[in-house]
Structures are given as C-alpha cells and as structure tokens.
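Q: Dumping the structure here so I can ask a few things about it.
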Amino acid sequence: MPGKRPPTGRENPFRISGTVGGPYFTDREDEITRIVRALGEPGAKLLVAGARRTGKTSTLERAVEAVTAAGGAACMADLSTASTPVDMANRILTAALRVVKRGWATALVDRLALLKMSLTMKPDPVSGGMAVSLDMSVRDADAKTQEASLAQVLDLLDELAGKRKMTLGLVLDEFQEIARFGEHAEWRLRGVLQRHQHLSYVVAGSHLSLIDAMQGKGRAFYKLFERCPFGPIAPDHMAAWIDARMRAVGLAPQDAGARCVAMAGARTRDIVRLARKGVDRAEDTPRIDGTAVDAAFREILEEDADSTQRWWSGLTVAQQNVLRAVAGASTGLTARVTQQQYGLRASTTTTVQALVAEGVLQKTSHGSGYMFDDPFVRGWVVLHALPDLGIVEPATFIASPTSEYGALGSAPPKRLPLDRST
Ligand SMILES: Nc1ncnc2c1ncn2[C@@H]1O[C@H](COP(=O)(O)OP(=O)(O)OP(=O)(O)O)[C@@H](O)[C@H]1O
Ligand SMILES: [Mg+2]
C-alpha cells in the first residue's frame with residue numbers, strides 16, 4: 001500500500017471557525033457601507049436580516065471596525081445566548097464600555113446607583129478597563145423589572161452619549177431573541193429605541209420567519225426598522241474568489257470554486273467549508289478539480305455522520321420519508337408518484353411545516369418546493385437513507401433541476417456528473 005504523502009505545510013486560505021476578516025473575508029461592500037452609514041447616524045434603526053451561515057456577524061464586525069477606524073464609536077453585542085433581558089443588558093454594557101472612554105464606567109455606575117440598581121464592577125481582561133454588570137439578583141426579578149433594567153441601560157447609554165455630544169452605534173446581533181421574553185418585552189424595546197437620539201441601532205437576525213412576524217402589522221417592530229437585505233454572495237464572485245485563494249497557496253484550481261458553489265448552495269459558510277476541506281485533502285498535489293471537490297463533499301458528510309445519524313434516529317418515520325423524498329424525488333411532494341415511492345401520507349404538509357419550523361427544510365427560492373437547509377445533511381440522506389428504498393445514488397446526486405443546490409440565480413445543474421466511487 002503506498003504510504004501517505006507528507007503534507008506540504010500549505011496554509012489553508014479558508015477559515016470556518018467563528019467570524020472572518022482580512023484576506024479570509026470577501027465581498028459585502030454594499031452591506032458594509034449601509035451598516036457603517038447607519039451606525040454613524042443618530043437615531044438610525046437598521047435591520048440586517050439574512051439566513052443562517054451567510055456571514056452576517058462577520059460583516060457586522062467589519063462595519064464596526066470601519067466605524068472605529070474612522071474615529072467613531074460603535075460596538076456589537078451578541079444576544080444569541082441571553083436567557084433573560086438582564087443578560088442582554090449585560091452584553092450591551094460590556095460591549096459599550098469596551099469602546100468608550102474610561103470615564104463612562106464611573107458615570108454609568110453613579111447613574112445606575114441613583115436608580116437603585118445593584119452592580120458588579122470587575123476589571124475587563126479584554127479592554128483593560130472596567131466591566132460593569134447588573135447583579136445576579138436582578139436576573140431573578142420579575143419580567144417587568146428585568147425589562148426595565150434593559151431599558152434603563154439603553155437610556156443611560158443614550159444620555160451619556162448625548163452629554164458627550166457623540167453618536168454611539170449599537171449592533172445587536174441575533175436580536176430576535178427578545179421575542180423569547182414575550183410581546184411585552186418587544187413593545188418596551190420599541191419605545192426605548194424610538195426615543196433615543198444619540199444611539200443608532202443596527203439589529204441583525206437569522207430567524208427570518210420570526211423576524212417577519214415581529215415586524216408584522218400590530219406587532220411591536222412594525223415599520224420601525226429600515227431593512228438591509230442580506231442575501232447570498234453572487235455565485236460567480238464566490239467561485240472566482242475561491243479559485244484565487246487557492247492559487248495564492250500554490251494550488252491550480254480547475255473549476256473548483258464553481259463546483260464548491262454548485263455543491264454547497266447559497267450559504268457562505270457551507271461553500272467555504274467545502275473549499276477548505278478541498279485544500280486540506282489536496283496535500284501536496286498541485287491541482288484541485290471538480291472530482292476533488294466532490295471527494296471533499298463526501299468527506300464532510302462522513303465527518304458529520306455520527307451526529308447526523310443520531311439526529312436521523314430521533315425523527316419520526318413520516319419525517320424521514322419526507323426528507324428522503326426532498327432529497328431524492330424529481331417531482332414535488334404532492335405528486336402521486338412521489339407519494340407512492342416515498343410512502344408519504346396525508347399528513348405530509350404538517351410534517352413539512354414542522355421540518356421548516358425546525359430549520360431542517362426551507363422553501364426553494366422559486367417557492368414551489370422544499371430544500372434542505374444544510375447541503376451536507378442532504379448528501380448524507382442521499383448516500384445513507386435513500387438506499388432504504390433501494391435508491392442508490394452518489395452523494396452529489398441532484399434529482400431535479402428545480403430542486404436546489406447550484407440554483408443561485410443561474411440555471412441549476414440538471415444532474416451533476418455521477419461519481420461512482422461513492
Ligand atoms: N464575506 C465572507 N467571505 C468569506 N467567508 C465568509 C464570509 N462571510 C462568512 N464567511 C464564512 O462563513 C462563516 C460564518 O460566518 P458568520 O459567523 O459571520 O456568519 P453568520 O451569518 O453570522 O452565521 P450564523 O447564522 O451562524 O450566526 C465564516 O467563518 C466564514 O467561513
Ligand atoms: Mg452570526
């Protein structure tokens with residue numbers, strides 16, 4: 001058996017852990033310009049709404065960086081993990097105090113003390129200044145008191161910015177989490193946002209159906225925000241960027257970028273993950289082509305196989321059948337032939353809706369069908385669950401030209417070349 005070739009020590013030009021910047025980041029000039037403008041405009045309220053893994057947080061970070069580089073003040077608080085409104089207040093306090101002058105911490109503490117809010121002050125290892133947070137006891141207070149604490153923190157930041165005649169740009173990432181605390185919290189936040197003249201707000205979120213509901217008529221955020229759509233990066237740009245990054249580390253791509261986009265779909269992280277795996281696998285070979293990208297795609301499925309298998313085992317039979325049909329059928333879920341082949345029942349619509357609500361499926365961009373949220377899960381279903389029905393196809397199988405991947409504004413591939421090594 002030939003020995004494994006030694007790695008070249010080639011640095012991978014793609015990153016997928018956390019957010020990205022510098023050479024690992026591409027495109028998004030328009031979105032950054034718009035966010036930067038909003039962050040510098042007192043009273044602005046911008047909503048950046050985009051699907052998961054499209055690069056929102058990285059883009060927001062680059063915008064905050066640009067504001068700071070130009071001498072302005074902006075910061076970002078990640079609200080995704082907050083369990084209470086007080087947690088949100090603390091996230092915002094920490095983020096804000098990292099970007100303003102040191103005197104703010106003392107002024108904040110004095111003002112919050114006047115409001116009889118108990119605080120904890122600790123040195124902040126990131127900024128070297130002081131970190132101020134609301135006491136744990138406030139977390140146990142009733143919902144109204146907690147919401148009031150969040151409102152008071154924002155009010156105070158507005159007041160302090162006003163006293164210093166400056167605009168503080170606040171980015172609230174995954175802001176839709178406020179909905180967890182009920183509509184009352186949403187209305188309270190609306191009131192706060194509306195009266196602030198020295199803060200600007202850029203809120204971002206990926207839970208699109210929830211965000212749409214929160215902005216619906218009769219709901220708190222109705223017509224409050226200007227919307228900055230956050231779609232996929234243009235496929236041609238993405239493909240060319242991937243090829244250029246590969247070339248920069250001495251690899252000769254042969255349509256590798258285009259193949260990554262066709263296989264991984266619309267989400268930037270999925271595409272970059274595939275490209276990264278392709279480079280890892282290339283080791284000391286000088287070229288990377290479509291076949292190598294397909295092999296990388298399969299390797300990712302297998303890497304995720306344990307967790308995908310566990311998730312699959314927890315699904316109902318009806319859900320499994322729907323997912324097999326979405327992955328394998330060349331006609332829609334309501335077509336008789338599909339229903340027979342995949343054992344779909346009358347309750348299919350409810351099953352599909354539940355899978356959409358859980359983020360496993362989504363509507364296709366042309367709206368007539370459904371597609372997997374995650375291209376690698378889809379590949380796993382093709383490879384490992386379609387054979388239950390006697391359907392054996394490679395992981396790269398695309399059943400229908402209207403189904404999904406590669407269908408980003410251009411004509412989707414009808415059927416990708418079969419790779420029988422799977
Ligand atoms: N503009 C970009 N250029 C290159 N790669 C990007 C870009 N945006 C995102 N990525 C890739 O996607 C990954 C995730 O980015 P990021 O966390 O910013 O996305 P997100 O939309 O905030 O994701 P989530 O929905 O999980 O919060 C990055 O680590 C990187 O691999
Ligand atoms: Mg994010």
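The values are calculated or read from the model by the stated rules, or taken from the named source; none is laboratory data. Note that the coordinates shown come from a computational prediction; the quantities given were computed from them, not determined experimentally. When we count neighbours, we look across all protein chains shown, and the Cβ atoms used for this are built from the backbone with ideal geometry, even at glycine. Note: accessible area is taken over every heavy atom of the protein model, side chains too, but ligands, DNA and RNA are not part of it. Shrake-Rupley method; radii C 1.70, N 1.55, O 1.52, S 1.80 Å.
Q: Quantify, in whole percent, the carbon and sulfur part of the accessible surface of segment 28-230 (1.4 Å probe; protein heavy atoms only). Please list the in-between numbers first.
A: On the way: 4820 of 9000 Å².
Its accessible area is 54 percent carbon and sulfur atoms.
Q: Then there's this: Ordered by packing density, taken as the mean number of other Cβ atoms within 10 Å over each peptide's residues, highest first, how do 231-241, 100-110, 263-273 rank? All intermediate terms of the calculation are to be shown ahead of the outcome.
A: Numbers: 231-241: 18.1, 100-110: 15.8, 263-273: 23.7.
Top of the packing list down: 263-273, 231-241, 100-110.
Q: Nearest 20 debye, what's the magnitude of the dipole of the chain about its Cα centre given +1 on Lys and Arg Cβ and -1 on Asp and Glu Cβ?
A: That gives a dipole near 540 debye.
Q: Right, another one. Bin width 5 Å, origin at 0, all Cα-Cα pairs of segment 170-221: what percent of pairs per bin?
A: 5, 19, 30, 30, 13, 3, 0
Q: Something else: Just need the Rg to Rh number for segment 305-389, please, alpha carbons only, Kirkwood Rh. Don't skip to the answer; put the middle values down first.
A: Details: Rg = 11.8 Å, Rh = 12.8 Å.
When Rh is taken as the Kirkwood radius, the ratio is 0.92.
Q: Set the Förster distance to 45 Å, then compute FRET efficiency between K122 and A248 from the Cβ-Cβ distance, nearest 0.05. List each step's numbers first, then the result.
A: Numbers: r = 43 Å, r/R0 = 0.96.
Taking R0 as 45 Å, the efficiency between K122 and A248 is 0.55.
Q: Next question. Measure off, as a whole percent, the carbon and sulfur share of the 1.4 Å-probe accessible area of segment 235-303, all protein chains present.
A: Working: 1190 of 2580 Å².
Carbon-and-sulfur percentage of accessible area, whole number: 46.
Q: P(r) for the chain: what percent of alpha-carbon pairs falls in each 20 Å bin, starting at zero?
A: Answer for the chain: a P(r) of 24, 47, 27, 2 percent.
Q: Distance from the Cα centre of segment 276-308 to that of segment 230-269, in angstrom?
A: Centre-to-centre (Cα) distance: 14 Å.
Q: Averaged per residue, what accessible surface does segment 109-242 expose to a 1.4 Å probe, in Å²? Write down the numbers at each step before the final one.
A: Details: 6340 Å² over 134 residues.
About 47 Å² of surface per residue is accessible.
Q: If you don't mind, there's one more thing I want to ask. Would you compute, from DSSP H runs of 4+ residues alone, the mean residue ellipticity of the chain at 222 nm, taking -39500 (n - 2.57) per run and dividing by the full residue count, rounded to the nearest 500? Kindly include the intermediate steps, with their values, before the conclusion.
A: Working: 17 runs with 193 residues, N = 422.
The per-residue figure over the chain is -14000 deg cm²/dmol.
Q: Taking every Cα atom in segment 154-293, find the radius of gyration and the maximum pairwise distance Dmax, and write them in Å.
A: 22.0, 62
Q: Which listed residue (Q319, L199, A105) has the Cα farthest towards the positive end of the charge dipole for the chain, taking +1 on Lys and Arg C-beta and -1 on Asp and Glu C-beta about the Cα centre?
A: Positive-most Cα among the choices belongs to L199.
Q: Roughly what % antiparallel, to the nearest 5, for the DSSP beta bridges in the chain?
A: Details: 8 of 33 bridges.
For the chain, the DSSP antiparallel bridge percentage is about 25.
Q: Using a Debye calculation, one point per C-alpha and no hydration shell, please list log10 I(q)/I(0) for segment 235-303 at q = 0.20 Å⁻¹ in order.
A: Each listed q maps to, in turn, -0.67.
Q: Starting from 0.36 nm per residue, how many nanometres of slack lie between A357 and S330 once their C-alpha separation is accounted for?
A: Additional length available on full extension: 7.4 nm.
Q: Now for a different question. Report the residue, chosen from V249, V352, V382, that carries the largest GNM mean-square fluctuation when the chain is represented by alpha-carbon nodes joined by springs under 10 Å.
A: Most flexible of the set in this elastic network: V249.
Q: List the lysines whose alpha-carbon lies under 26 Å from that of K144, not counting same-chain residues fewer than 8 positions away?
A: Here the lysines satisfying the reach criterion relative to K144 are K45, K116, K217, K223.
Q: From the P(r) of segment 70-127, can you give the percent of Cα pairs sitting at distances over 12 Å?
A: The share of Cα pairs beyond 12 Å in segment 70-127 comes to 71 percent.
Q: While we're looking at this one, here's another question. Using 1/(1 + (r/R0)^6) with R0 = 60 angstrom and r between the beta carbons of M136 and T349, what's the FRET efficiency to the nearest 0.05? Numbers along the way, then the final one.
A: Values: r = 46 Å, r/R0 = 0.76.
Efficiency, rounded to the nearest 0.05: 0.85.
Q: Let me ask another. What are the extents of the Cα atoms of segment 192-234 along their three principal axes, listed from largest to smallest and rounded to whole Å?
A: Sorted largest first, the three principal extents are 37, 25, 13 Å.
Q: At 1.4 Å probe size, with the rest of the protein present, what percent of the exposed accessible area of segment 305-389 is carbon and sulfur atoms? Before the final figure, lay out each step's value.
A: Working: 2060 of 4140 Å².
Accessible surface attributable to carbon and sulfur in segment 305-389 totals 50 percent.
Q: I'm a student and want to see the number: the projected area of the Cα convex hull of segment 28-230, averaged over all directions, in nm². All intermediate terms of the calculation are to be shown ahead of the outcome.
A: Numbers: hull surface 42.1 nm².
Across all orientations, segment 28-230 yields a mean hull projection of 10.5 nm².
Q: Per residue, how big is the convex hull of segment 7-94 when only Cα atoms are used? Give it in Å³.
A: 152 Å³
Q: Name the residue, out of L168, L208, L60, whose mean-square fluctuation peaks in a Gaussian network model built on the chain with Cα pairs under 10 Å.
A: Looking only at L168, L208, L60, the largest GNM fluctuation is found for L208.
Q: Enter the accessible area per residue of segment 275-411 (Å², integer; probe 1.4 Å; all protein chains in place). Show your work: numbers first, answer last.
A: Working: 6150 Å² over 137 residues.
Spelled out: the 1.4 Å probe surface of segment 275-411, per residue, equals 45 Å².
Q: Starting from the residue with the highest accessible area, list R345, R247, R10, R227 in decreasing order, probe 1.4 Å. List each step's numbers first, then the result.
A: Working: R345 165, R247 135, R10 60, R227 95 Å².
Listed by decreasing accessible area, they come as R345, R247, R227, R10.
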